[in-house]
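Undergrad: Here you go, one structure.
The values are calculated or read from the model by the stated rules, or taken from the named source; none is laboratory data. If you're wondering where the values come from, they're calculated on a predicted model, not measured in any experiment. Neighbour counts are summed over all protein chains in view; Cβ atoms, including those assigned to glycine, are modelled from backbone coordinates with ideal geometry.
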Amino acid sequence: MLIRASLLRKSLQRLMKLPDGPRTPSLLQTLQLIARPTEFLDACQERYGDPFTLRVLGLNSPPVVFFSHPQAIQEIFSIPSSKLDFRKATHVFEPLMGERSLILQEGQKHQRQRHLMMPPFHGDRMRGYGRLICEITQQAIAPWSTGSSFSIQKVMPEITLQIILRVVFGMEPGPRYQQLEQLLSSLLEDVTTPFYSSLFFFPPLQRDLGAWSPWGQFLRRRAVIDSLIYAEIAERRSQDHESRTDILSMLMTARDENGQQMSDVELRDQLVSLLLLGYETTAAALTWAFYWIYSSPLVLEKLHSELDGLGDNPEPEAIAQLPYLSAVCSEILRVTPIALICTPRLTKEPLQLADYHLDTGTILIPCIYLAHRRAEVFPEPQQFMPERFLDRKFSPYEYLPFGGGYRGCIGTAFSMFEMKLVVATIMSNLHLALAQERAVRPVRRGITIVPSGGVPVVVTGQRAVSRFQPV
Ligand code: HEM
């Protein structure tokens, strides 16, 4: 009787309260989350269990509840969008991406834009970009001679930026392409530094005090980039873009259910958003890929033998379907997801979730990193074991490197395709070795988590046959 009463009291308490969490000042929690994100999340999970509550972003900030149980993640993904506010977290992107960006939309507007933007990233349309991805990679590695060494983290963004400019923007190398490439890579590099990125988090710093002030300089750089993008859109509008297959051309022809096409401003905002969300993320995933593959001799050997089985000049589609390569790429994004969390959601009304009664104004976080570390789903979760993806299928609430539900990443299929082709092209042309034996740890870089130290490698030989022929 006494036990039943105490159980009842406990579950009533659970229904009332927020999940437990650290009582330290919110500033300290914020700093821990920025400086040592994975260590801090692991420590909170171990101490408070799942879910737990953090206080971030200064005093009076709303409670931020982290969930990693698949059931809770499924429940969060199915909360209707009318009950959630996504802008609390995404508004920081507005100065860069523009107010029409997909990521800044909510409700029906969001649905309409997603509907317009999804098709180019799927099926035959996406597969059509395969040869170009292999060609860009091959050109990028052409100067890498035996004995040369470089940081993988430095070269991957060069490859992924070119892929975005040619495949998404549909640009051909030339003066405008080169200018845009140079301006974008320097802006995006700056955005990853703590000083520059703090401008976006603190609106009082967003004052144009002339070309030498940080915000004034940002606005001027953005204006030059925008003028190049608008010039490209205008040129393409004057040409026959109906027969082209790049993503910009497809977005130009797409119509919503009312027959409406995207305006130039909408196109600009979507292009910049795709660029910002798609280039650094895939570069980070590729950086982890080379770290994990070249620090695991058995995996390296199995991958080489699978790739060799394809023969010369294989179709990109055949590469993308290789089971072991697919398992390796999936496991890379499981063990070291480059986004630790899904887009935070602010509740607009009280919600019942995972036995908790959460008030209006609570931030819900489906935590990708912790979901991928659940030992009952992924035994020995710290270990890099691609075989787990050959042995079993995981639900979208257990394995979610790209988030999920109606806000999940629209570049999922595209970036997995790109990742496999870049890895296969490089491995088929060169022998590489890690230049440092040291273990790495996950560190924050802009919106992504990358390996510390930049993954320096050395070219130890050229493969006898260059198996991918340029188109
Ligand atoms: C390895 C590469 C990538 C990873 C790990 C990744 C991960 C993510 C994650 C975790 C989200 C949030 C999803 C959620 O809240 O449920 C997201 C959203 C998004 N991603 Fe990606 N992403 C990658 C590549 C790309 C690429 C290549 C593109 C496009 C070129 C892209 C475009 C987007 C867009 C537009 C959204 C916002 C979707 C919306 O709000 O409806 N991503 N991504």
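Undergrad: What do you reckon, is Thr336 β-branched (Val, Ile, Thr), in contact with a strand residue (DSSP E or B) (Cβ under 8 Å, 6 or more places away or on another chain) and either surrounded by fewer than 18 Cβ atoms within 10 Å (Cβ to Cβ) or more than 16 Å from Phe414 (Cα to Cα) (or both)?
TA: Numbers: β-branched (Val, Ile, Thr): yes; in contact with a strand residue (DSSP E or B) (Cβ under 8 Å, 6 or more places away or on another chain): yes; either surrounded by fewer than 18 Cβ atoms within 10 Å (Cβ to Cβ) or more than 16 Å from Phe414 (Cα to Cα) (or both): yes.
Answer is yes for this residue.
Undergrad: Residues being touching a strand residue (DSSP E or B) at 6+ places or on another chain (Cβ under 7 Å) and either in a helix (DSSP H, G or I) or of a type in the set (D, E, K, R) (or both): count how many of those fall in the stretch 84-105.
TA: Within the stretch 84-105, residues that are touching a strand residue (DSSP E or B) at 6+ places or on another chain (Cβ under 7 Å) and either in a helix (DSSP H, G or I) or of a type in the set (D, E, K, R) (or both) number 2.
Undergrad: Looking at Leu54, Leu41 in this structure, which one is free of Cβ contacts under 8 Å to residues at least 60 places away in the same chain, closer than 21 Å to Thr343 by Cβ and surrounded by 16 or more Cβ atoms within 10 Å (Cβ to Cβ)? Quick ask: steps written out before the conclusion?
TA: On the way: Leu41 fails: free of Cβ contacts under 8 Å to residues at least 60 places away in the same chain.
Of Leu54, Leu41, the one residue that is free of Cβ contacts under 8 Å to residues at least 60 places away in the same chain, closer than 21 Å to Thr343 by Cβ and surrounded by 16 or more Cβ atoms within 10 Å (Cβ to Cβ) is Leu54.
Undergrad: Taking the condition touching a helix residue (DSSP H, G or I) at 6+ places or on another chain (Cβ under 9 Å), at pLDDT below 90 and basic (Lys, Arg), does Arg166 pass?
TA: Working: touching a helix residue (DSSP H, G or I) at 6+ places or on another chain (Cβ under 9 Å): yes; at pLDDT below 90: no; basic (Lys, Arg): yes.
Against the criterion (touching a helix residue (DSSP H, G or I) at 6+ places or on another chain (Cβ under 9 Å), at pLDDT below 90 and basic (Lys, Arg)), Arg166 does not qualify.
Undergrad: Let me ask something else about it. What's the total number of residues in the stretch 351-390 that are among the hydroxyl-bearing types (Ser, Thr, Tyr) and under 26 Å from the mean Cα position of the chain (by Cα)?
TA: Of all residues in the stretch 351-390, those among the hydroxyl-bearing types (Ser, Thr, Tyr) come to 356, 360, 362, 369.
Okay, now just the ones that are also under 26 Å from the mean Cα position of the chain (by Cα), so 362, 369.
Count: 2.
Undergrad: Additional query: Could you tell me whether any residue of the stretch 458-468 is within 16 Å of the ligand (Cβ to nearest atom) and either closer than 30 Å to Gly147 by Cα or surrounded by 19 or more Cβ atoms within 10 Å (Cβ to Cβ) (or both)? If you could, list the steps in order and put the result at the bottom.
TA: Narrowing the stretch 458-468 to residues within 16 Å of the ligand (Cβ to nearest atom): none.
No, the stretch 458-468 contains no residue that is within 16 Å of the ligand (Cβ to nearest atom) and either closer than 30 Å to Gly147 by Cα or surrounded by 19 or more Cβ atoms within 10 Å (Cβ to Cβ) (or both).
Undergrad: Within the stretch 423-432, can one find any residue that is buried (at least 21 other Cβ atoms within 10 Å of the Cβ), near the ligand (Cβ under 9 Å from one of its atoms) and under 17 Å from Val299 (Cβ atoms)?
TA: no
Undergrad: Please enumerate the residues belonging to the stretch 110-133 that are modelled with pLDDT of 90 or more and surrounded by fewer than 15 Cβ atoms within 10 Å (Cβ to Cβ).
TA: If the condition is that a residue be modelled with pLDDT of 90 or more and surrounded by fewer than 15 Cβ atoms within 10 Å (Cβ to Cβ), then Gln111 is the only one that fits.
Undergrad: Let me ask you something else. Among Ile141, Ile164, which is out of contact with any Ser or Thr (no Cβ under 6 Å at 6 or more places or on another chain) and within 14 Å of the ligand (Cβ to nearest atom)?
TA: Details: Ile141 fails: within 14 Å of the ligand (Cβ to nearest atom).
Only one candidate passes the filter, namely Ile164.
Undergrad: Which residue is surrounded by the fewest Cβ atoms within 10 Å (Cβ to Cβ), if the candidates are limited to the stretch 250-273 and must be modelled with pLDDT of 90 or more and of a type in the set (Gly, Ala, Ser)?
TA: Residue satisfying both the conditions and the ranking: Ser263.
Undergrad: So for the stretch 138-145 (the condition being touching a helix residue (DSSP H, G or I) at 6+ places or on another chain (Cβ under 8 Å) and touching a residue at least 24 places away in the same chain (Cβ under 8 Å)), does at least one residue qualify?
TA: Pass one, the stretch 138-145, residues touching a helix residue (DSSP H, G or I) at 6+ places or on another chain (Cβ under 8 Å): 138, 140-141.
Now narrow it down to the ones that are touching a residue at least 24 places away in the same chain (Cβ under 8 Å): 138, 141.
Yes.
Undergrad: What is the residue count in the stretch 258-275 for residues that are more than 12 Å from the chain's Cα centre (by Cα), among the aliphatic types (A, V, I, L, M) and within 13 Å of the ligand (Cβ to nearest atom)?
TA: Result for the stretch 258-275: 2.
Undergrad: Further question on the same structure: Among the residues of the stretch 276-289 satisfying the criterion of being more than 7 Å from the ligand (Cβ to nearest atom) and touching a Leu at 6+ places or on another chain (Cβ under 7 Å), which is farthest from Phe384 (Cα to Cα)?
TA: Step by step, filter the stretch 276-289, then rank; the result is Leu276.
Undergrad: Name the single residue, out of those in the stretch 138-152 being more than 17 Å from Thr425 (Cα to Cα) and not aromatic (Phe, Trp, Tyr), that is surrounded by the fewest Cβ atoms within 10 Å (Cβ to Cβ). Step through it out loud before you land on a result.
TA: Kept after step one, since they are more than 17 Å from Thr425 (Cα to Cα), are these residues of the stretch 138-152: 147-151.
Next cut, not aromatic (Phe, Trp, Tyr) only: 147-149, 151.
Values: Gly147: 9, Ser148: 11, Ser149: 13, Ser151: 14.
Among residues in the stretch 138-152 that are more than 17 Å from Thr425 (Cα to Cα) and not aromatic (Phe, Trp, Tyr), the one surrounded by the fewest Cβ atoms within 10 Å (Cβ to Cβ) is Gly147.
Undergrad: Among the residues of the stretch 301-321, how many are touching a residue at least 60 places away in the same chain (Cβ under 8 Å), surrounded by fewer than 20 Cβ atoms within 10 Å (Cβ to Cβ) and within 12 Å of Phe417 (Cβ to Cβ)?
TA: 1
Undergrad: For the stretch 315-419, give me every one of the helices (runs of 4 or more DSSP H) that falls completely inside it and has 3 or more residues that are within 16 Å of the ligand (Cβ to nearest atom). Write out each step before concluding.
TA: Numbers: elements: 316-320, 323-335, 368-371, 388-391.
The qualifying helices (runs of 4 or more DSSP H) are 323-335, 368-371.
Undergrad: Given (1) exposed (fewer than 15 other Cβ atoms within 10 Å of the Cβ); (2) under 30 Å from Arg131 (Cβ atoms), identify the lone condition not met by Ile247.
TA: (1)
Matching residues to (1) under 28 Å from Pro316 (Cα atoms); (2) among the aliphatic types (A, V, I, L, M); (3) part of a helix (DSSP H, G or I):
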residue	(1), (2), (3)
Cys134	yes, no, yes
Gln139	yes, no, yes
Thr146	yes, no, no
Lys154	yes, no, yes
Leu161	yes, yes, yes
Arg166	yes, no, yes
Pro173	yes, no, no
Phe195	no, no, yes
Asp208	no, no, no
